[in-house]
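The values are calculated or read from the model by the stated rules, or taken from the named source; none is laboratory data. Keep in mind that what you see is a predicted model, and the values were worked out from it rather than measured. Cβ placement follows ideal geometry from the backbone for every residue including glycine, while neighbour counts extend to all protein chains displayed. Each accessible area value is taken on the protein alone, full model and side chains, heavy atoms only, with ligands, DNA and RNA left out. Shrake-Rupley method; radii C 1.70, N 1.55, O 1.52, S 1.80 Å.
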Amino acid sequence: MGNTIKYEELKALIESNKDLVLIDVRSDGEVNGGRIPGAIHIPVHTLDAALSMNPDDFKAKYGVAKPALNAPHMVFYCQSGRRGEMAAGNARQRGYTNARNYAGAYSEWSRRQRN
């Protein structure tokens, strides 16, 4: 499995609801303009702290269980791909072996959802 995921694969994972951990690393302002359904919002500058939290604190802050290190489908995205790529790399360094970046990012997602 590569370090990136394509639109079609992400859409299929969302539709099948198959153990997907989808993390939006954009700013609050960007997220207010729309997001991919089911995404957890963790701005990129807070990701280190979030992934370092104990599971109870993570759940209290984000409203979902902290992903397991071996979570099968862990996908990061931003607006254009760069921050998502950094976030996925950071997560892999922390032991999240399956962390990937949605390279098309929200710009592609929003464009393709309108068609």
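Numbers below:
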quantity: Gyration tensor verdict on segment 72-111 (Cα atoms; rounded if a/c is under 1.5, prolate if a/b is larger than b/c, oblate otherwise); calculated: oblate
quantity: Inter-label distance, nm, simple model (7 Å from Cα along the C-beta direction), residue 113/residue 82; calculated: 2.3
quantity: Label point distance in nm, residue 45-residue 57, each placed 7 Å from Cα along Cα→Cβ; calculated: 2.0
quantity: Cα convex hull of segment 1-78, projected area averaged across orientations, nm²; calculated: 5.5
quantity: For residue 56, solvent-accessible area (1.4 Å; no DNA, RNA or ligand), Å²; calculated: 120
quantity: Helix-only CD estimate at 222 nm, as mean residue ellipticity for the chain, using -39500 (n - 2.57) per DSSP H run (n ≥ 4); calculated: -12000 deg cm²/dmol
quantity: For peptides 85-94, 72-81, sequence by mean Cβ density within 10 Å, most packed first; calculated: 72-81, 85-94
quantity: Inter-probe distance in nm under a simple model that places probes 7 Å from Cα toward Cβ, at residue 4 and residue 64; calculated: 2.3
quantity: Per residue value of the accessible surface for the chain (all protein chains in place, 1.4 Å probe), Å²; calculated: 54
quantity: Rel. contact order, % - alpha carbon contacts under 8 angstrom, at least six apart, the chain; calculated: 32
quantity: The chain - percent of accessible surface contributed by carbon and sulfur, probe 1.4 Å; calculated: 48
quantity: Ordering of 65-71, 100-106 by packing [mean C-beta count within 10 Å, highest first]; calculated: 100-106, 65-71
quantity: Nonlocal amide H pairs with residue 73, under 5 Å, H built at 1.01 Å; calculated: 21
